[in-house]
Amino acid sequence: MKDFKTILFAVDFSQSSDYAFQFALSLAKKYDARLLIIHVINEPVDLRGFYVPHISFEKLEQEIEVGAKKMMEKFCRTQIKDYSKYESFIVPGIPYDEIIKKAQEQSADLILMGTHGRTGLDHVLFGSTAEKVVRKSPVPVMTVRFAE
Ligand code: AMP
């Protein structure tokens with residue numbers, strides 16, 4: 001079997017991805033793998049300058065990025081105690097697409113994610129990220145179901 005040298009974990013800061021992360025961390029430790037953690041800021045429909053002035057949109061995007069970075073820092077601080085071979089990434093775009101792109105770009109051997117994540121409008125509009133990654137990724141995917 002192929003070694004897991006690089007594992008990509010997709011985080012949406014839900015309870016389900018917190019749970020799935022325990023599997024990613026323990027696999028990374030077992031294989032002494034690089035653990036890459038990605039969060040994708042869902043790109044809104046491009047309405048710049050149409051409903052709101054350009055400047056308000058840019059300000060909003062900056063605030064979203066600052067908030068996402070803070071959430072990622074907190075996630076890493078609370079979830080990773082004794083492992084240093086990790087890196088985090090925050091990118092804008094369509095989550096399933098960016099997750100697969102990052103896995104290919106970083107030559108990941110495995111993508112690990114939850115089976116469900118944050119609920120709400122995002123989910124209604126964009127559907128299941130896990131399902132799309134499983135269907136489209138050329139990189140093997142492991143999903144972890146969170147039983148409430
Ligand atoms: P979903 O299928 O959309 O309910 O989400 C399932 C899993 O996909 C989550 O537990 C995360 O692992 C991952 N995921 C969902 N949205 C994102 C996102 N915006 N960025 C990174 N990972 C995500």
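The values are calculated or read from the model by the stated rules, or taken from the named source; none is laboratory data. Small disclaimer: the values here were computed from a predicted structure and weren't measured. Virtual Cβ from ideal backbone geometry, glycine too; neighbours counted across all protein chains shown. Ligands, DNA and RNA are stripped out before the accessible areas are found, and what is left, the full protein with its side chains, is counted by its heavy atoms. Shrake-Rupley method; radii C 1.70, N 1.55, O 1.52, S 1.80 Å.
General observations
- Each other residue within a Cβ distance under 10 Å of SER88 adds +1 if Lys or Arg and -1 if Asp or Glu, for a net charge of -1.
- Sequence-distant contacts, meaning Cα pairs under 8 Å at least 6 residues apart, place the relative contact order of the chain at 35 percent.
- Surrounding net charge for ALA33, when Lys and Arg each add one and Asp and Glu each subtract one, Cβ distance under 13 Å: +2
- Note that the chain carries a Kirkwood radius of 16.0 Å, evaluated over its alpha carbons pair by pair.
- For the chain, the dipole from Cβ point charges (+1 on Lys and Arg, -1 on Asp and Glu) about the Cα centre works out to 460 debye, to the nearest 20.
- Carbon plus sulfur fraction of accessible area for the chain, probe 1.4 Å, in percent: 55
- Remark: the stretch 99-109, residue by residue, has Karplus-estimated 3J(HN,Hα) of 5, 5, 4, 4, 4, 6, 4, 9, 6, 5, 8 Hz, where x stands for each Gly or Pro and the curve is 6.51 cos²θ - 1.76 cosθ + 1.60 at θ = phi - 60°.
- Difference of contour (0.36 nm per residue) and Cα-Cα distance, SER56 to LYS30: 4.7 nm
- Rough spin-label spacing in nm, given labels placed 7 Å along Cα→Cβ, for PHE13 and THR143: 2.4
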